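Notes follow the structure.
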Amino acid sequence: MDVGQDRHDLPASHQATRLNSGRWPARAQRLLETSYKLCTDGLHEPLRRCLSDFEQQLFALAERARQHTQQQDLYSSRQRVLQDRTRFEQRFIEQLCEAFNTLEADTAKLAPASTPGTKAWKALELLDPVEQELTMTVEQLGARGEVRHSGVLYELGYRLAVLVGAPPLEGAKLPLGPHALIQAFYRASTELKLPMPHQLLLLQSFDQWLIQPMAPLYDSINVQLQRDGILPQLRSIPIPRHLSKRERPAKTPATAVAETAHAAGGGGAGAGGSIEVLESLRDLLAQQRANQAGTAGQPAGHVASSDELQTALGALQQHLAQVTGQASRELRSAQRLREELLTQLNVGKPLGAPHTHLTGEQGDTVELVAMLFEQLGQQLQQGGNAHNLLGDLQLPVLRMAVADKGFFEKREHPARKLLDTVTAAANDWLDGSDDESNRPLANKLEQLVARASQEPPSAGLYTTLLADIEHHLGLLTRKAQAAERRHVEAAQGRERLDQARHRAGELMAERFAQSPPRGLLRALLDRAWSDVLALTLLRHGEDSEAFGKQLAITDQLLGRLPVGDRQQLQQNVENGLQQIGMHAEEAEQVAQRLLGTEKPDLAVELPSATDLAMRLKQHQRLGEHQSTHLIQPAQAAQSGQPARPIQQSSTRHEPTAAHQAQIPEPSPRERRIEQHLSSLPFGSWFEFIDPTTGQIARRKLAWHSPMSGRCLLVSRRGQRGEEMTLTQLAHEIGAGRVCEVPEQRESLLDRAWRSLTGSLRQSAGAGRPVPQEPNRR
């Protein structure tokens, strides 16, 4: 079987498989290659997601890093993963293939499993702590995966052992087991040469994206081997644990609601089965109704079946799609949804016919979904596009929740993940304006919601839609990261330029104190030549030969050193002035007038010294901007090219330069705020409030200087806002025009779940005293 022809990224693995194709009988060879191909095909997409998640984690850590060296290490590791990604996947597949090739038919040849870092007892040596930490992590992740998938691995180990004529395979001897997978991944990742913390983070990401969700892949391989007659009657039966029959203490309402909130929002169903989140929420709803208006009886008439309810929901969706206007896109309350569904269920029935009504579970599902969307709407920013999208998703998600109880039970349910992703994307990326940059994402989200409304609900549909929007958001995130990085580098370059200008000014002041210049020479040294010194200092350093030559030219112009060759001095002055952006003709005129080297036979007379001095005073200095600013002076310094000014982009909600200039002396409260701001990590978010319109714009603190206090604020798309100092930002916070956004460790959907369960708890316990839990000391 040619494994490499079906996938372009597995040529090495195919070649390795064919080299050992004669080791087993033909049937065993075919089944092993089929199992191998099922494994590689099933691992391709999770491996891609694993590396993407690891790259995003590195960037998130880098933007919060406080030390420059730590930030550079994170960016360097991220760049290595991006560059070596394809080869890394090939190395991982090759290691898996090698695990298959080490299978032996002879039991005596089965060597004990080895782990990374195991050496023969030939000599004693000190233990490398890095190697020990990585080895322990690999062993722990492999053992954890063995326990998690023990049932399917038991069957797979027996079936593969039958194929190769060996005892049951387990642990590292099982080529598809968690031990073999994590060791293959570890060996493939060693060539990345990541620091130990980054390597541990990569291994944890592999466990999350590949080891934990491996059960369906193991099941498919077992099913394939069963169909081919390999131990078709083998079943793994877990041995029940004999628990003591000690009575469990009764749960208080607070404990029950806390467990429900954790399961719905942050936990999800465990490996042992459903935790019945829906039933817990229904119990709370029943308590709420009993406290408010008593328990109502079931109405008489026909009970809607699942198909009838889905048909009614579909008809309601079509009706709303035909209705234009804002009312059709707003969130519907539980009462309104119930009434509209009952109308659709009973439409067209003859007068006097029994009415169709919802079952208790159907009615509770409708009410819970409506309450969840209400809580989600309260979590969103006001004035954005997220509310309209949330209203459009309400009925499709309700259809999915009615068809699949897993929507309430499983945190990783595709419909829940899609709901969370869409609302978060609209809330974070779309600000409600008609900006051209918002249209591609807005159109994409509209298309996604429209497809969810038009097609029948299924887990496959939502999985496809989720992958589509995650891919689009990934592209936006990478563009934003690149734009933000460019602005950070520009701000850091400007900071280094300011430091170089300050040092050049100090050296120039020392010389002026001994021999103060006048006229054209003073204008040249103040307005232009000091920038030449600063640029040379930035490029080469203060102890370099190039900077020493520029200081010697300065001393020659001041008369502190003798001038040997005036023509050479003129050429040096012209070269220096051209490096800071002065035109060659103007630089030549200044140098000739200053040194008196002009040619008497010129047809055009040189400008006077007074005119040239006025031009120098009006010349825009390096790093200064009025309506323009210098972009990336650090890049200009490295390339040796003159720095060029470009037009500066404006920002709507940050304070203007005139307003910043009027900031008074900071108050004690503002000083405390500034001290707090200086301790914040990069990546902290702030909300800027427009006092006239009340519109809110979020900005991220991408960088700030501990020396000058200058900080850089960017938008979600990495677009640069106005630079301001921490003192100015503290003043804006003190004035109430800016507020810090606390870090949210939970997603929008998780917070909505917790708010929902908290609201139900409060309503359920309103009519009776809540028993207090005993104190534990």
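With respect to Pro456, determine if the residue is open to solvent by 60 Å² or more (accessible area, probe 1.4 Å) and farther than 21 Å from Arg717 by Cα. It is true that Pro456 is open to solvent by 60 Å² or more (accessible area, probe 1.4 Å) and farther than 21 Å from Arg717 by Cα. Within region 660-675, work out how many residues are at pLDDT below 85 and surrounded by 13 or more Cβ atoms within 10 Å (Cβ to Cβ). Number satisfying all stated conditions: 2. Note on region 691-716: residues that are of a type outside the set (A, V, I, L, M, F, W, C) and closer than 16 Å to Gln728 by Cα amount to 8.
Per this entry, Glu722 is counted among residues that are modelled with pLDDT under 90 and closer than 19 Å to Gly683 by Cα. Look at region 745-756: where a residue is open to solvent by 10 Å² or more (accessible area, probe 1.4 Å) and a partner is among the hydrophobic types (A, V, I, L, M, F, W, C), sitting 6+ places away or on another chain with Cβ atoms under 6 Å, you get Leu748/Ala424; Arg754/Ala261. Residues in region 65-86 that are surrounded by 14 or more Cβ atoms within 10 Å (Cβ to Cβ), at pLDDT 85 or above and part of a helix (DSSP H, G or I): Asp73, Leu74, Tyr75, Ser76, Ser77, Arg78, Arg80, Val81, Arg85. Only residues that are outside any helix (DSSP H, G or I) and of a type outside the set (Gly, Ala, Ser): list them for region 87-105, please. Selection gives Thr102, Leu103, Glu104.
Checked against (1) open to solvent by less than 10 Å² (accessible area, probe 1.4 Å); (2) closer than 25 Å to Tyr75 by Cα, Met196 passes all but a single condition, namely (1). The set of residues from region 199-215 being touching a Phe, Trp or Tyr at 6+ places or on another chain (Cβ under 7 Å) and either open to solvent by 10 Å² or more (accessible area, probe 1.4 Å) or on the phi > 0 side of the Ramachandran plot (or both) comprises just one member, Leu201. Residues of region 142-171 that are crowded, with 21+ Cβ neighbours inside 10 Å and closer than 20 Å to Gln199 by Cβ: Gly142, Gly145. Of note, Leu475 does not satisfy the criterion of being surrounded by 15 or more Cβ atoms within 10 Å (Cβ to Cβ) and of a type in the set (A, V, I, L, M, F, W, C). Restricted to strands (runs of 3 or more DSSP E) entirely inside region 684-726, those with at least 3 residues that are under 23 Å from Arg672 (Cβ atoms) and open to solvent by 20 Å² or more (accessible area, probe 1.4 Å) are 685-689.
Residue count for region 521-546, restricted to those that are buried (at least 19 other Cβ atoms within 10 Å of the Cβ) and in contact (Cβ under 8 Å) with a residue 60 or more places away in the chain: 7. The C-beta contact set for region 36-65 (first residue within 27 Å of Arg716 (Cβ to Cβ), second residue among the acidic types (Asp, Glu) and crowded, with 21+ Cβ neighbours inside 10 Å, distance under 8 angstrom, 6+ apart or interchain) comprises Glu63/Glu484.
Going by what's in this entry, would Ala552 be described as surrounded by fewer than 16 Cβ atoms within 10 Å (Cβ to Cβ), in contact with a Leu (Cβ under 9 Å, 6 or more places away or on another chain), within 30 Å of Leu577 (Cα to Cα) and of a type in the set (Gly, Ala, Ser)? In short, yes. Which ones in region 172-193 are among the basic types (Lys, Arg) and surrounded by 23 or more Cβ atoms within 10 Å (Cβ to Cβ)? If the condition is that a residue be among the basic types (Lys, Arg) and surrounded by 23 or more Cβ atoms within 10 Å (Cβ to Cβ), then Lys173 is the only one that fits. Listed by position, the helices (runs of 4 or more DSSP H) inside region 496-604 whose residues that are more than 20 Å from Leu622 (Cα to Cα), of a type in the set (Gly, Ala, Ser) and at pLDDT 85 or above number at least 2 are 545-557.
The values are calculated or read from the model by the stated rules, or taken from the named source; none is laboratory data. Quick caveat, the model's predicted, so the values are computed rather than measured. FYI the Cβ positions are ideal-geometry reconstructions off the backbone, even for glycines, and counts take in every protein chain you see. The accessibility values were calculated without ligands, DNA or RNA, using every heavy atom of the protein model including side chains. Shrake-Rupley method; radii C 1.70, N 1.55, O 1.52, S 1.80 Å.
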